[in-house]
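A short write-up of the structure that comes next.
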């Protein structure tokens, strides 16, 4: 009898992860309702016990670097658990990497964002090479010949792992290497050198402190050419089957993102091909960075959704002091608050994916909105993810602190997107620069928020405060500006599109100040039950 198990929540499996009201509503708004069938298929797989076990195993058995074979030959291979390859095969097979570029149609980038959001709830680490492959196509399009050669392989739905010449593979994946020891975000301080070979190609020599996903087939690399800092395409394997002169020195031991390999690498005359104009490397690779920044927002929103659905599920099935946790007023307040944060993140994520989709199709206003709102949301949504994960974990009590719950994995993963592709200060300062270079973008942003004008006085007041901040903000105010802009945009989206209970609670807490400094401090009089139900699966 001492080992009878009771009052423990059953595993949350056998559900459709895409059955997320905020996600589905947003996908329909942003012209991607044609993808709902495939999204449900992926969501059902994501909710299966099989897929969740893949996620656990990929983190339980992280990648291992094999620098040499048994005979002493340098091989620089990264070995992964089979579960990693299962995750990757699903992601590539469902087009999470680069399909929108190969099959453009209205809403294609939104559909891809929704699938990335759903599948990342199984396991976040493998999203790194998926995200960079997606983003690499945007940068490669600066050079027509490279696009013609590489884009068909980058957009292929075939996951073909292993180091072989690209021409012999059914599909390839891309990574990125910008950061160096001495520079960090200041890439203009890079010392890696690109020497012209006389045939239009270059030999790269130097080091990179972080090479994301070194097992990929090809990389976008920044290096100093005679004409200045430039962007290059560097393959792992040359057409003749020999290894390019790229050496993996070690894999980084990270706080989270353990399933994915991140490495320190050195180049010793590695063959590379110029992407874009010589001396315009930052401008070229920023196309990739903007796409991966979108994925940072998606990834953070995905983690929030995973955390709150797990917390609501646990609180629904766990009793204390004679009734379910979810029925107790203070816990219900915490859960509802977590749902609000998640719904707001999802709403702005889908809107940014829609703006990306429309900007790629040539809509200039959407491009201007994306330039400001993406930088602001990258800052704020990614900042909110760690505190959200911590509170969701706490809903489990001691169970949440135990690895078997998978909540520690979520918590360790949660700070990453705030650091990747520019930490908080970098994102906030990029927002300031975008507004200074393109003052008309302020009008575009305010016009977007004005679509909800007059619907809620608290939102209107927040927009007025934002106008004053925009008029006076200096560099030291950049974080505050990013926060205000994101909250106002989220409020506008929720007032226009979310259920009244959600919009009311968001405006009461985030915009009018009727809120404490921790989750679970929503004011009285809100419809908390309706809000919490948004995080339950049927």
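Being touching a residue at least 24 places away in the same chain (Cβ under 8 Å) and within 18 Å of residue 305 (Cβ to Cβ), is that true of even one residue in the stretch 131-140? Working first, answer last.
Going through the stretch 131-140, the residues touching a residue at least 24 places away in the same chain (Cβ under 8 Å) turn out to be 131-140.
From what's left, within 18 Å of residue 305 (Cβ to Cβ): 131.
Within the stretch 131-140, one or more residues are touching a residue at least 24 places away in the same chain (Cβ under 8 Å) and within 18 Å of residue 305 (Cβ to Cβ).
So how many residues does the stretch 357-385 have that are under 14 Å from the mean Cα position of the chain (by Cα) and surrounded by fewer than 24 Cβ atoms within 10 Å (Cβ to Cβ)? Walk me through how you get there before you give the answer.
In the first step, residues of the stretch 357-385 are kept if they are under 14 Å from the mean Cα position of the chain (by Cα); the result is 374-375, 377-385.
Now drop any that are not surrounded by fewer than 24 Cβ atoms within 10 Å (Cβ to Cβ), which leaves 383-384.
Count: 2.
Filtering the stretch 239-262 down to residues that are within 15 Å of residue 75 (Cα to Cα) and assigned to a strand (DSSP E or B), which residue is nearest to the chain's Cα centre (by Cα)?
Keep residues of the stretch 239-262 that are within 15 Å of residue 75 (Cα to Cα), which gives 241-251.
Cutting the leftovers down to assigned to a strand (DSSP E or B) gives us 243, 246-251.
Numbers: 243: 31, 246: 27, 247: 28, 248: 25, 249: 27, 250: 25, 251: 22 Å.
The selected residue is 251.
Listed here are the residues, each with its yes/no results for (1) in contact with a helix residue (DSSP H, G or I) (Cβ under 6 Å, 6 or more places away or on another chain); (2) farther than 27 Å from residue 256 by Cβ.
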position: 18; (1), (2): yes, no
position: 56; (1), (2): no, no
position: 67; (1), (2): no, no
position: 73; (1), (2): no, yes
position: 87; (1), (2): yes, no
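Would you check which residues across the stretch 275-320 are more than 23 Å from residue 421 (Cβ to Cβ), touching a residue at least 24 places away in the same chain (Cβ under 8 Å) and outside any helix (DSSP H, G or I) and list them?
Once the filter is applied, which keeps residues that are more than 23 Å from residue 421 (Cβ to Cβ), touching a residue at least 24 places away in the same chain (Cβ under 8 Å) and outside any helix (DSSP H, G or I), the stretch 275-320 yields 278, 318, 319.
Can you confirm whether residue 229 is modelled with pLDDT of 95 or more, surrounded by 22 or more Cβ atoms within 10 Å (Cβ to Cβ) and under 26 Å from the mean Cα position of the chain (by Cα)?
Working: modelled with pLDDT of 95 or more: yes; surrounded by 22 or more Cβ atoms within 10 Å (Cβ to Cβ): yes; under 26 Å from the mean Cα position of the chain (by Cα): no.
In short, no.
Please count how many residues of the stretch 516-538 are surrounded by 18 or more Cβ atoms within 10 Å (Cβ to Cβ) and over 17 Å from residue 392 (Cβ atoms).
So the answer is 1.
In the stretch 70-99, how many are under 19 Å from the mean Cα position of the chain (by Cα), at pLDDT below 95 and surrounded by fewer than 24 Cβ atoms within 10 Å (Cβ to Cβ)?
Of the residues in the stretch 70-99, 1 are under 19 Å from the mean Cα position of the chain (by Cα), at pLDDT below 95 and surrounded by fewer than 24 Cβ atoms within 10 Å (Cβ to Cβ).
In contact (Cβ under 8 Å) with a residue 40 or more places away in the chain and under 19 Å from residue 26 (Cα atoms): is that true of residue 496 in this structure? Give the steps one after another, and end with the answer.
Values: in contact (Cβ under 8 Å) with a residue 40 or more places away in the chain: yes; under 19 Å from residue 26 (Cα atoms): yes.
Taking the combined requirement at face value, the residue satisfies it.
The values are calculated or read from the model by the stated rules, or taken from the named source; none is laboratory data. All figures in this text were calculated on a predicted structure; none of them were measured in a lab. When we count neighbours, we look across all protein chains shown, and the Cβ atoms used for this are built from the backbone with ideal geometry, even at glycine.
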